[in-house]
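Participant: The structure under discussion is supplied below as structure tokens; questions concerning it will follow.
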Amino acid sequence: MEPDEMQAIDKAEIVNRYRNVLTDFWKVDSRFSAQTLATEEKKKSETNSAKNDYDSTDQSLLNRKNSDLDRINTEEASIRNSAEEKRNQISDLAKTSKDALNEIAFSHFVNLSDNRNIQIESNIDLVRALDGLVSKTQRSASKIRNEIDNYKKWKGTHSKIVGGLIFAGLIAIITIAFFGKREWDVYKTYKSGKKFYQQKAYLDSIEKFESLLFGNSIFVVAEHYQEIRSLLDSCYYHSAKFAIEKGELEKADTFFDKLYLRANLDYGDLRREHIYQRGIQTMKRNDWSAAIISFNSLDKNYKSTAKLLQECSWRLRVERTSAQAETKTTQPASATSPAKVKMIALDLKLPKPMFIGTPQNIQVPKLEKPLGKPRPPFLAPEGTKNVAFGRPVKSTDEAPVIGELKMITDGDNEAGDGSYVELGPFLQNVTVDLGKKHTIYAVLVWHYHKQPRVYYDVVVQVADDANFTSNVSTLYNNDLDNSAKMGIGSDNHYVETYEGRLIDAKGVQGRYIRLYSNGNSNDDLNHYIEVAVYGKPAGAI
């Protein structure tokens, strides 16, 4: 039986026993009170009766009355004694009940204390268990809190990732929509170009195809690049043909220039006709030298080329003879006429082109516009050759970043890796020693033509000594602000191409050739692929 239940039973038994004792006490007290009351009533009644009898009777009755009174007093005393005894009994009973009750209460208290101690010990164990449970709960709560914090962090990161993915998706959708429209526009331009081509509206077709190939949509048409390029070359070909038929040779030059750079078409006959017509046109302008150059580049059996060439040569001799006759009439008698010199076009071996067209984003003052066609032949006395080939080279940068100085005169003018020399930044120069004094007719230089670039402060000088103090001549100078400290130049900036820069030396004489540069439009470095000097030893005819 559990302590709580035992405690409840003890309490109920004590209450019942105490209640029984009180009941007995009240019963005794009630009997005593009732007996006392009856005795008094009886005494009063007898007294009244005795009084009444006394009034009506005689002295005997009075004696009887006294006797009765004595008896009544005796009985009253007896009753009083009996009542006192009852009271003592009740008092003893109450005392006994109280002692019993105290004993019972004490016993119950002892039992309750023992149970309380047991309960306290149990409560201590329970408290200890609760402390362990609380500690475990706290650890679990801490762990749960950490999990919640980690979840919040993960949720934040997850939200960022999801937000980033949503943003990227929106960008992708916008990009797809934009480029989808762009592809549609490119496709319409492509179809329009083909339609114009079929209608033989070649100029309109050229405009469409060039906007595709050389505009910002080149990556969109990569799949059809070869087809569009072939159609564009065909348009150039037919446009050049129509221009030649109309006698618009300058216009034909433009189309041929583009064909030279892009096409693999067999347009030899058309090109020969173009050159032939240009020769005739120059003959009409009495430019016999230019006509001879044109006809010399043709097969002598082509049409009447041989005949026209003879005529131009005869005309040129007549002009020179007339000029010499006029010179003789103005010169003193002691003057001797110069020897006749045969002029021929220099045989310039050009490298492979590395880029197409002229870049539009180079912002350089006094930049020379592209010629739009191949450079015309350069005439020089017969026997002129590259006298710089294999000659030693010195530089202000004796340890180039890339390459060796001897590569500048090795005859390799290609733009590939391993063919150029890279010098340090800012103003640098290279000097070619020709070995002896030469008459120089032209200087041809390639800085770097793999990419479109403009080199700054390009200065070319000729001198008799290595220190450039004797007989110094400046052949070219495009230093517009005198940053090279050799005077302000008047020549143009130019974009490097596969043709190189051909500088007319006008027959100046000297042994040393020095070329300056001061960085370029891409960076501060200086580059040289090849330097060719065309001339003849001084005094040679």
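Participant: Multiplying the sequence separation of Asn63 and Glu227 by 0.36 nm and subtracting their Cα-Cα distance, what value in nm do you get?
Facilitator: On the way: separation 164, 0.36 × 164 = 59.04 nm, distance 17.43 nm.
That works out to 41.6 nm of additional length.
Participant: Using 0.36 nm times the number of residues separating Lys143 and Lys191, minus their current alpha carbon distance, what extension gain do you get? Mind showing how you got there, number by number?
Facilitator: Values: separation 48, 0.36 × 48 = 17.28 nm, distance 6.91 nm.
The Lys143-Lys191 span can extend by a further 10.4 nm.
Participant: Here's something else I'd like to know. Sequence-distant or interchain residues sharing an amide H contact under 5 Å with Ile344, placed H: which?
Facilitator: Ala380, Glu382
Participant: Could you put Ser473, Ser419 in order, starting from the residue whose Cβ has the fewest other Cβ atoms within 10 Å?
Facilitator: Working: Ser473 15, Ser419 18.
Ascending number of Cβ neighbours within 10 Å: Ser473, Ser419.
Participant: If you don't mind, another one. Spelling out what I want: for every residue of the stretch 226-243, take phi, set θ = phi - 60°, compute 6.51 cos²θ - 1.76 cosθ + 1.60 (Karplus), and round to whole Hz; glycine and proline get x.
Facilitator: These are the phi-based 3J(HN,Hα) values: 4, 5, 5, 5, 5, 5, 5, 4, 5, 5, 4, 4, 5, 5, 5, 4, 5, 5 Hz.
Participant: Something else: Can you tell me the FRET efficiency between Asp299 and Ser470 if r is taken as the Cβ-Cβ distance and R0 is 35 Å, rounded to the nearest 0.05? If you can, show how the numbers build up before the last one.
Facilitator: Numbers: r = 49 Å, r/R0 = 1.40.
Efficiency, rounded to the nearest 0.05: 0.10.
Participant: For Tyr441, what charge total do you get from the other residues with a beta carbon under 12 Å from its beta carbon, if Lys and Arg give +1 and Asp and Glu give -1? Mind dumping the intermediate values first?
Facilitator: Numbers: positive: Lys385, Lys506, Lys536; negative: Glu382, Asp504.
With Lys, Arg at +1 and Asp, Glu at -1, the neighbours total +1.
Participant: Would you mind checking which residues have amide H under 5 Å from Lys385's amide H? H placed 1.01 Å from N; only 5 or more apart, or other chain.
Facilitator: Here Gly535 satisfy the definition.
Participant: If amide H atoms are built 1.01 Å from N in the plane of the peptide, which residues on other chains or at least 5 residues away come under 5 Å of the amide H of Tyr476?
Facilitator: Val460
Participant: According to a simple spin-label model (label point 7 Å from Cα along Cα-to-Cβ), what is the distance in nm between Glu210 and Arg19?
Facilitator: In this crude spin-label approximation the distance works out to 12.6 nm.
Participant: Continuing with this model, one more query. Taking θ = phi - 60°, what integer Hz values does the Karplus form 6.51 cos²θ - 1.76 cosθ + 1.60 yield along the stretch 471-479, in sequence order, with x for Gly and Pro?
Facilitator: Running phi through 6.51 cos²θ - 1.76 cosθ + 1.60 with θ = phi - 60° gives 6, 7, 10, 9, 8, 7, 7, 10, 6 Hz.
Participant: Let me check I've understood the local charge: for Pro351, count other residues with C-beta under 12 angstrom from its C-beta, Lys and Arg +1, Asp and Glu -1. What total comes out? Walk me through the numbers on the way to the answer.
Facilitator: On the way: positive: Lys349, Lys352, Lys450; negative: Asp412, Glu414, Glu496, Glu499, Glu530.
Here the count lands on -2.
Participant: Right, here's the next one. Within 9 Å, Cβ to Cβ, of Thr431, how many net charges do the neighbouring residues add up to if Lys/Arg are +1 and Asp/Glu are -1? Before the final figure, lay out the partial values.
Facilitator: Details: positive: Lys394, Arg514; negative: Asp433.
Within the 9 Å Cβ shell, the charges total +1.
Participant: Computed FRET efficiency, Cβ-Cβ of Glu499 and Lys366, R0 30 Å: what is it to the nearest 0.05?
Facilitator: On the way: r = 20 Å, r/R0 = 0.66.
Efficiency, rounded to the nearest 0.05: 0.95.
Every number in this text was worked out from the coordinates using simple rules, so none of it is lab data. The shown structure was predicted, so the numbers you read here are calculated from the model rather than taken from an experiment. Note: ideal-geometry Cβ built from the backbone for every residue, glycine included; neighbour counts use all protein chains shown.
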